[in-house]
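The values are calculated or read from the model by the stated rules, or taken from the named source; none is laboratory data. Everything quoted here is computed from the prediction, not taken from an experiment. Note that each Cβ is placed from the backbone with ideal geometry, even for glycine, and that neighbours are counted across all protein chains shown.
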Number of protein chains: 2
Amino acid sequence: MTTSKGERTRSTILDAAVALACVQGFEALSIGSLADRVGMSKSGLFGHFGSREELQIAAIEAAAERFAVLVYRPALEAPRGLARLNALIDNWLTWVERCGWDGGCPLEGAIHEFDDRPGPVKAAVVRHFTRLERELARTIRLCVDTGEFDRDLDVDLFVFRLMGVVMAFHYRRRLMGGTRAEAVTRGAFALLIKESAPGRLQRDQ
Amino acid sequence: MTTSKGERTRSTILDAAVALACVQGFEALSIGSLADRVGMSKSGLFGHFGSREELQIAAIEAAAERFAVLVYRPALEAPRGLARLNALIDNWLTWVERCGWDGGCPLEGAIHEFDDRPGPVKAAVVRHFTRLERELARTIRLCVDTGEFDRDLDVDLFVFRLMGVVMAFHYRRRLMGGTRAEAVTRGAFALLIKESAPGRLQRDQ
């Protein structure tokens, strides 16, 4: 498969755009600021993205695509059930280090930038998280199918708690600089999985 | 107690500063942007805050102080133990509605703005969250003292999981617009508390 020069240039621009967003946020992106960074003229950049908003959406989609490649896709190689859920969680926890951009998770940062700003950029962020929740729910449901999780498990509640553990992990490691962040995160996952074992929910009623 | 005109003006400025930060972030704060908003001259504002950074720190401290007044302080009226922990959680979940500013939690937004920017503004954010974690740990330890939680409970792990639930709540309600956000959050808290009951940890070994 060959990619055209135009596609390669577009991909280089988007890579630089996400790198900037990882540290300063997607709101810091503008055709002007990015043209300087990639050494192109503003008009050259306008040839690829007609507006600042279009550029922001394309950058969010580029980050979401890399997330899919690094997190969902390799997890599918693990057998369905708990092994696959564990692989997905491992990939998710390490994706910030592997993504090639410095700074925090650009997609989690985007939650706080756009939650109060309805519009097409927020919609791109919501699409990413809707897909993430759907992939998580599917992977968790397979753990119910294999009998590793209780058949009365509230899958959406599990997804919600999983989101919370990953958010708390990023907060502890990046803001609080805790050396224990990784260990406490693994502990939280282990508890979540243990609490979902078959028979466990019934015993609690 | 009387407050001077200077203190009242300072407080009015900080209120407007946090209101702006709730929607656009603390990085959007500048002496210039704020002078327009409160109808003062730039030089008048410089009389209160010597620099943009000083203004950002004072705004974060003003938000943290309101958080303390609305979340920690009223929880102390509840009897020590689970009643107080429940009061604290209720106050925390509703504080964004009660704080008087529109938009998301300014302090949670600040996590993602400053985690990659070491310096005195980040230090102010870390001070708030260090205090929050300390108040949570103290309240949870009292639940162990009253016998409502297991004496082998990992208090820091509980604090971590609690942080995650609140972060996931804000994400679900503000970004995803889920009508189920409040119910799923209450469900997550209920599980967390149930899983910490005496004897529960031992049974799982």
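Of all residues in region B:92-136, which are in contact with a Leu (Cβ under 8 Å, 6 or more places away or on another chain) and more than 8 Å from chain A (Cβ to nearest Cβ)? B:Trp95, B:Arg98, B:Cys99, B:His128, B:Glu135, B:Leu136, listed by residue number.
Selection within region A:160-179: residues that are farther than 12 Å from B:Met163 by Cα and within 7 Å of chain B (Cβ to nearest Cβ). The member of this set that is farthest from the chain's Cα centre (by Cα) is A:Met176. In region B:41-54, of all residues being over 13 Å from B:Ala17 (Cα atoms) and part of a loop (DSSP other than H, G, I, E, B), the one that is farthest from the chain's Cα centre (by Cα) corresponds to B:Ser41.
Restricted to region B:107-125, and to residues there that are crowded, with 18+ Cβ neighbours inside 10 Å and without any contact (Cβ under 8 Å) to a residue 60 or more places away in the chain, the residue that is farthest from A:Arg174 (Cα to Cα) is B:Leu107. Could you say whether any residue in region A:108-128 is touching a Phe, Trp or Tyr at 6+ places or on another chain (Cβ under 6 Å) and under 24 Å from A:Glu195 (Cα atoms)? So far as region A:108-128 goes, no, none of its residues is touching a Phe, Trp or Tyr at 6+ places or on another chain (Cβ under 6 Å) and under 24 Å from A:Glu195 (Cα atoms).
Residue-by-condition table, conditions (1) at pLDDT below 95; (2) surrounded by fewer than 22 Cβ atoms within 10 Å (Cβ to Cβ):
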{"site": "B:Arg138", "(1), (2)": "no, yes"}
{"site": "B:Val144", "(1), (2)": "no, yes"}
{"site": "B:Met167", "(1), (2)": "no, no"}
{"site": "B:Arg174", "(1), (2)": "yes, yes"}
{"site": "B:Glu195", "(1), (2)": "yes, yes"}
{"site": "B:Asp204", "(1), (2)": "yes, yes"}
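For first residues located in region A:81-106 and farther than 22 Å from A:Thr139 by Cα, partners that are crowded, with 16+ Cβ neighbours inside 10 Å and small (Gly, Ala, Ser) and lie 6+ apart or on another chain with Cβ distances below 6 Å form the pairs A:Trp101/A:Ala19; A:Pro106/A:Ala21; A:Pro106/A:Ala63.
Okay, residues lined up against (1) at pLDDT 95 or above; (2) exposed (fewer than 14 other Cβ atoms within 10 Å of the Cβ); (3) within 14 Å of another protein chain (Cβ to nearest Cβ):
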residue	(1), (2), (3)
B:Cys22	no, no, yes
B:Ile31	no, no, no
B:Ala35	no, no, no
B:Val38	no, no, no
B:Ser41	no, yes, no
B:Gly44	no, no, no
B:Gly47	no, yes, no
B:Ala59	yes, no, no
